[in-house]
Amino acid sequence: MSGGVDSSVAAALLHEGGVEAVGVWMRLHDVADTYSEFKKSCCSLDAAEDARRVAGQLGIPFYVLNLEREFGAGVLAPFLAAYQAGETPSPCVDCNSTVKFGALIGRARKLYECDAVATGHYARVDEVDDPDAPGGRRFRLLRGADPDKDQTYFLYGLRQDQLARTRFPLGELTKPQVREVARRRGLVTAEKPESQEICFVPGGDYRDALRQRAGWQETPGPLLDRDGALVGAHRGAAAYTVGQRQGLGVALGEPRYVARIDAAANLVQLGRREDLERRTFEVRDVSFTAGRPPAPGAFDCEVRIRHRAEPVPARVERLTADEPGRRGTWRVEVERPVWAAAPGQAAVFYRGDEVLGGGRIASSPRA
């Protein structure tokens, strides 16, 4: 329970359905202890108190669970490392895979004897016959019924054992319906606004986190135009992301966007909007929700490279096989160009409503 309306309604629906529910608020970091303006975030003590109040209204037990160590290693450290390597991370993907549906599932079973973890995500899970799966059955991750709220982009990394112990009570509901459920039940979070920022980045500027948690300092370097011509200096490679237009500090007569970042050389290269269009790109660290790809060598699907992006028909082909401790790489060829496929961001594979899996966009060798 995050202290927001979604997880509050998820708990209410489970409780009313006869499920023996336990409310848990996760303490993940110390940001809200330090920054007073962050009091209303989902990770603040105010949020914990809202979650506690809802649990009291429902009459279910409530606990605070400290998962700072797991969050630091599985989410915060990769987040900082990605920006320092010139990539754009997807921290919510890591949080779901390693914390909410990783560490939390394990702790919930051990400490509270819970069989599953339920959240307020807008997504669905079902179980189908599959002769190739252990026991002849397989769990599928499906998009939420509300296309405006679907959150499966951030959940592609869930494995079969995690999906088996996952519940999404809001999967068939829209956001307005969730609000109405909360109002009818008089939940204290019914009108609470959504939190949009990264939970551990006060003010929304990730560079502050880099300075304070990784010791990053601005180190100016060459800012190149699309043809390699030097057009200025940048603040430091980690301060930029592929697709960025604002804050470049140059005027070249027509819009320019960050097209390539070479963190090792501290170099940032610009391009026109059309220069950032891609028909092919590689995806590393690929995993599949079924535990295996839909086909051994290549398969057709739709791919989404951003949470809100429209999925695009694509052909996905294996480049390297999985190795112990390291997942393989696949090449994606899309039917129509995608824009600003930023290295480090998630590329998620769909087939209709089903999430097949996904991985992280690999760095392009050239802009």
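Assorted remarks:
- Scanning segment 99-141 for residues being part of a strand (DSSP E or B), touching a residue at least 40 places away in the same chain (Cβ under 8 Å) and either under 25 Å from ALA73 (Cβ atoms) or touching a Phe, Trp or Tyr at 6+ places or on another chain (Cβ under 9 Å) (or both) gives a total of 6.
- Conditions (1) in contact with a helix residue (DSSP H, G or I) (Cβ under 8 Å, 6 or more places away or on another chain); (2) of a type outside the set (Phe, Trp, Tyr); (3) surrounded by 12 or more Cβ atoms within 10 Å (Cβ to Cβ); (4) more than 29 Å from PRO78 (Cα to Cα): number failed by ASP225: (1)
- Any chance VAL258 is under 19 Å from GLY157 (Cα atoms), of a type outside the set (Gly, Ala, Ser) and touching a Lys or Arg at 6+ places or on another chain (Cβ under 9 Å): no
- Cβ-Cβ under 8 Å pairs, at least 6 apart or on other chains, segment 288-312 side in contact (Cβ under 8 Å) with a residue 60 or more places away in the chain and at positive phi, far side surrounded by fewer than 18 Cβ atoms within 10 Å (Cβ to Cβ) and part of a loop (DSSP other than H, G, I, E, B): GLY291/ALA133; GLY291/ARG159
- Selected residue [among the acidic types (Asp, Glu) and over 16 Å from the mean Cα position of the chain (by Cα)] from GLU87, GLU113: GLU113
- First in segment 229-246 and at pLDDT 95 or above, second anywhere and in a helix (DSSP H, G or I), Cβ under 7 Å, 6 or more apart: ALA238/TYR83; ALA238/GLN84; ALA238/LEU210; ALA239/ARG207; GLY243/LEU276
- Top-ranked residue of segment 150-159 - restricted to ones that are crowded, with 18+ Cβ neighbours inside 10 Å and not hydroxyl-bearing (Ser, Thr, Tyr), ranked as farthest from ALA11 (Cα to Cα): GLY157
- Test: residue in segment 264-272 that is closer than 30 Å to GLY236 by Cβ, of a type outside the set (Gly, Ala, Ser) and touching a His at 6+ places or on another chain (Cβ under 7 Å): yes
- The residues in segment 155-214 that are of a type in the set (Gly, Ala, Ser) and assigned to a helix (DSSP H, G or I) can be counted, and the count is 5.
- Counted as qualifying within segment 236-351 are the strands (runs of 3 or more DSSP E) with 3 or more residues that are over 30 Å from VAL128 (Cα atoms), namely 257-262, 267-271, 277-288, 329-339.
- Scope segment 59-98; condition touching a strand residue (DSSP E or B) at 6+ places or on another chain (Cβ under 8 Å), surrounded by fewer than 21 Cβ atoms within 10 Å (Cβ to Cβ) and part of a helix (DSSP H, G or I); matching residues: GLU68
- Scanning segment 342-362 finds one or more residues that are closer than 19 Å to PRO91 by Cα, in contact with a strand residue (DSSP E or B) (Cβ under 6 Å, 6 or more places away or on another chain) and of a type in the set (Phe, Trp, Tyr).
Per-residue answers, yes or no, for (1) exposed (fewer than 15 other Cβ atoms within 10 Å of the Cβ); (2) closer than 24 Å to LEU80 by Cβ; (3) not basic (Lys, Arg):
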residue: LEU270; (1), (2), (3): no, no, yes
residue: ARG278; (1), (2), (3): no, no, no
residue: ARG284; (1), (2), (3): no, yes, no
residue: VAL316; (1), (2), (3): no, no, yes
residue: ARG327; (1), (2), (3): no, yes, no
residue: ARG331; (1), (2), (3): no, no, no
residue: ARG336; (1), (2), (3): yes, no, no
residue: PRO343; (1), (2), (3): no, yes, yes
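The values are calculated or read from the model by the stated rules, or taken from the named source; none is laboratory data. Computed from a predicted structure; not experimentally measured. Please note: Cβ atoms are built from the backbone with ideal geometry, for glycine as well, and neighbour counts cover all protein chains shown.
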